[in-house]
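Below is one structure, written out as structure tokens; the observations come after it.
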Amino acid sequence: MKRELTQWFSPSLQQDMPVAVYGDYGFALLLVPTAAADYLEYERFQMMDALAPWIDSGKVKVFSINSINNESWLNNEMLPQHKAIRHNQFNQYVFEEVVPFIRTNTSQETPIITCGASFGALHSMNLFLKRPDLINGVIAMSGVYDLHEYTKGYSDDQTYLNSPMSYLPDLHDPWYLDHIRRSNHIHILTGSGAYEDPDASRAFAGVLYNKGITYELDIWGSDMTHDWPTWRKMLPYYIDSRF
């Protein structure tokens with residue numbers, strides 16, 4: 001498998017941000033880490049090994065980026081309003097820096113699908129919903145789509161605007177809704193085992209349904225726990241069967 005590591009100084013985040021790239025061709029899968037993890041998390045937990053047949057065959061090219069959750073929602077020393085500011089800078093980094101990087105390393109027509117597990121599922125969904133003109137779909141695994149689950153009770157306009165369960169029911173702008181509805185790849189996956197929250201996925205699927213947005217909700221069994229063995233089964237299955 002072809003593997004390249006690169007980084008650049010991010011104007012949005014004012015720090016170096018590394019990216020791992022796997023493969024040569026195929027649609028672009030943009031991986032967002034879980035919780036406090038980094039851009040090599042998926043590789044460390046053997047997800048790249050699990051995806052190797054589709055990467056090597058040219059079906060998918062993977063771009064794995066760093067999270068900054070330790071500098072925002074998981075930073076207990078930071079004021080809540082500053083956490084939201086930092087998170088918005090992360091969104092800007094993805095839209096203004098990562099997406100052009102993907103385009104340069106694929107093509108202007110290559111679909112970009114965001115993907116993440118756990119906290120990364122929320123971020124992946126949020127990124128897609130905010131810029132459905134840039135991002136073509138999402139595979140969200142084991143997510144909770146209410147950002148307030150991570151804010152320790154704090155709420156303001158910016159937490160609302162980064163919480164899909166909060167803002168999507170109130171979204172009426174036809175430009176956004178039309179672009180979101182064009183996607184054939186809104187996949188919401190969850191297990192039913194230990195530490196999973198399938199009701200969170202059901203609730204968010206209900207919001208999509210009420211907005212007339214086509215989605216796929218797939219709830220796996222009680223043997224599927226909130227952990228890497230589950231996600232290593234889910235993601236290869238969806239890459240193989242849905243793309």
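Where a number appears in this text, it was derived from the coordinates with a stated rule and is not lab data. What you see is a predicted model; the values in this text were computed from it and never measured. All Cβ positions, even for glycine, are placed from backbone atoms using ideal geometry, and neighbour counts span all protein chains on display.
Considering amide H positions built from the backbone, and no H for Pro or chain starts, which residues 5 or more places from residue 35, or on another chain, come under 5 Å of its amide H?
Result for residue 35 returns 119, 120.
What are the ³J(HN,Hα) couplings of region 138-146, residue after residue, when phi is run through the Karplus curve with 6.51, -1.76, 1.60 and θ = phi - 60°? Round to Hz, x for glycine and proline.
Those phi angles translate into 8, 10, 10, 10, 6, x, 10, 9, 10 Hz.
Please turn the phi angles of region 218-225 into ³J(HN,Hα) values with the Karplus equation 6.51 cos²θ - 1.76 cosθ + 1.60 (θ = phi - 60°), one per residue in order, whole Hz, x for glycine and proline.
In residue order, the calculated couplings are 10, 9, 7, x, 5, 7, 9, 9 Hz.
Over all distinct Cα pairs, what is the inverse of the mean 1/r for region 155-243, reported as the Kirkwood hydrodynamic radius in Å?
When all Cα pairs of region 155-243 are included, the Kirkwood radius is 14.5 Å.
Using the Cβ atoms and a cut-off under 13 Å, what net charge is assigned to the surroundings of residue 114, where Lys and Arg are +1 and Asp and Glu are -1?
+2
Using the Cα atoms of region 16-125, I'd like the radius of gyration and the largest Cα-Cα distance, Dmax, both in angstrom.
Using the Cα atoms of region 16-125, the pair Rg, Dmax is 14.3, 47 Å.
What list of whole percents do you get for P(r) of region 114-167, with Cα-Cα distances grouped in 5 Å bins up to the one holding the largest distance?
5, 24, 29, 23, 14, 5, 1
Relative contact order for the chain: what is it in percent, counting Cα pairs under 8 Å that are at least 6 residues apart?
About 16 percent, as a whole number.
Taking K and R as +1 and D and E as -1, what net charge do the other residues with C-beta under 12 Å from the C-beta of residue 67 add up to?
-2
Give me the net charge for the shell around residue 200: Cβ to Cβ below 12 angstrom, other residues only, Lys and Arg +1, Asp and Glu -1.
That sum, taken over residues with Cβ under 12 Å, equals -4.
Sorted by average packing, counted as other Cβ atoms within 10 angstrom per residue and highest first, what order do 76-83, 224-231 take?
My ranking of the peptides, most packed first, is 224-231, 76-83.
Among 46-58, 112-124, how do they line up from the highest to the lowest mean number of other beta-carbon atoms within 10 Å?
Final packing ranking: 112-124, 46-58.
Taking residue 130 as the anchor, which lysines have their alpha carbon closer than 29 Å to its alpha carbon, excluding any fewer than eight residues away along the same chain?
The reachable lysines, counting only those whose Cα sits under 29 Å from residue 130, are 59, 61, 83, 152, 211, 233.
How high is the relative contact order of region 99-243, in percent, with contacts defined as C-alpha pairs under 8 Å that are six or more residues apart?
Normalised by residue count, the contact order of region 99-243 is 21 percent.
Quick one: 3J(HN,Hα) in Hz for region 53-68, Karplus 6.51/-1.76/1.60 with θ = phi - 60°, rounded, Gly and Pro as x.
x, 7, 5, 5, 7, x, 7, 9, 10, 9, 10, 10, 10, 6, 8, 10
Based solely on C-alpha atoms, express the radius of gyration and the Dmax of region 1-69 in angstrom.
Just the Cα atoms of region 1-69 yield Rg and Dmax of 12.2, 37 Å.
In region 84-173, what GluC sites (Glu not before Pro) fall in a loop by DSSP, with at most 13 other Cβ atoms inside 10 Å?
Answer in residue order: 109.
Can you list residues whose amide H is under 5 Å from residue 10's amide H, if they're 5+ apart or on another chain and H is modeled 1.01 Å from N?
So residue 10 has HN proximity to 15, 16, 17.
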